[in-house]
Amino acid sequence: MWFAAEGRPKGRPTTKVEPVTIDVVTIFPRLVEEALAEGVVARARESGKLDIRARDLREFTDDKHRSVDDVPFGGGPGMVMKPEPIARAIEAVEAERGQASAVILMTPQGRRFTQAEADRLSRMDRLIVICGRYEGVDERLTEMKVTDEYSIGDYVLTGGELPALVLIDAVARLVPGVVGDAESVAVESFSGGLLDHPQYTRPAVWRGREVPPVLLSGHHAEIDRWRSEQRRMRTLERRPDLLTADEAGASEWSEPSGANSSADQERSASVTTQARRGAGVPADKSKEKSDEGD
Ligand code: 4FV
């Protein structure tokens, strides 16, 4: 249930009456509990903004070996997680908490988990997260019960617990009131689709290395300008895939007055060309110095 205080800008309500509930179905409940026992997420659990519980999958088995996996039909290496224990775990959680807003399976076959997805999930009331192990989960369970399959990256882990913890951490910090200063959640990497600007703190000179003077200038407009240029340049350089074609195209933003050294100008020119290539924008011949140097 959301409760938006009068007069607050539309958009993200500031307070939530009931806690966001997240139930994690796993064969290693202690691993999950340990990881959620420190820091911002632990404090949010104590303050009742988050109600996160690890559910031991073996409690939902009915054979004396409490088995959660079996051999794959069609043969092949490894084991597959049985559908019934997972289905019973989900149904038990929903009987206790009400129907889930989303039943999430962490798997390399899922769509890539992103900040936008974290934002979407953080607006929901009840999440159930299934942690796969072995070769994965029986497909019939996924078809019957799972609403969202997410991958945290194109590599294979030994289990879905760490991906589940990544998702929980990314979602939890977006729940209103979990991170003290909402401002820091509002402006950060990927919010606005760009990488973050470089950060500096005291001392102003560290081992002979200075902080960019603009940051010590007190000119907030100049500082904001420098930071947004840094965000754009870094994104062009490191993650042109994050930029839409015209953003990469429009990267020939006019040089800020003085904030950037000639080195920066040089870099941005070459960066622009690279990025245009990265973002699949045909190279602008006139700009490019041909290799023949004519
Ligand atoms: C994974 C990933 C991942 C695959 C086999 C668990 C493991 C085992 N999950 N993003 N990458 N899962 O590697 O989400 O079942």
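Please treat every number below as a calculation from the coordinates, not as lab data. For clarity, every value in this text was computed on a predicted model and none was experimentally measured. In this analysis, Cβ positions are derived from the backbone assuming ideal geometry, glycine residues included, and neighbour counts consider all displayed protein chains.
Which of the trypsin sites (Lys or Arg not before Pro) found in region 10-99 are in a DSSP loop and have at most 15 neighbouring Cβ atoms, other than their own, within 10 Å? Before the final figure, lay out the partial values.
Numbers: sites: Lys10, Lys16, Arg30, Arg43, Arg45, Lys49, Arg53, Arg55, Arg58, Lys64, Arg66, Arg88, Arg97; in loops: Lys10, Lys49, Lys64, Arg66.
Answer by residue number: Lys10, Lys64, Arg66.
How much FRET efficiency would the formula 1/(1 + (r/R0)^6) give for Glu96 and Asp246, where r is the Cβ-Cβ distance and R0 is 41 Å, rounded to 0.05? Write down the numbers at each step before the final one.
Working: r = 49 Å, r/R0 = 1.21.
Between Glu96 and Asp246 the formula returns 0.25.
Return Ser47, Ser122 ranked ascending by Cβ neighbour count within 10 Å, so the fewest neighbours appear first. Write down the numbers at each step before the final one.
Numbers: Ser47 11, Ser122 19.
Neighbour counts put them in this order, fewest first: Ser47, Ser122.
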If you keep only loop residues by DSSP, which GluC sites (Glu not before Pro) in region 32-131 have at most 10 other Cβ atoms within 10 Å of their Cβ?
-> Glu38
Distance between Cα centroids, region 48-102 to region 198-246: provide it in whole Å.
-> 47 Å
In whole Hz, with x marking every Gly and Pro, tabulate ³J(HN,Hα) for region 120-126 from phi via Karplus 6.51 cos²θ - 1.76 cosθ + 1.60, θ = phi - 60°.
-> 4, 5, 6, 8, 8, 8, 9
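Which semi-axis lengths, in whole Å and largest first, follow from the square roots of five times the eigenvalues of the Cα gyration tensor of region 72-180? If you can, show how the numbers build up before the last one.
On the way: eigenvalues 126, 62, 21 Å².
Values for region 72-180, descending: 25, 18, 10 Å.
Around Ala92, under 10 Å between beta carbons, what's the net of Lys plus Arg minus Asp minus Glu among the other residues?
Details: positive: Arg55, Arg88, Arg97; negative: Asp23, Glu59, Glu91, Glu94, Glu96.
Residues near Ala92 contribute -2 overall.
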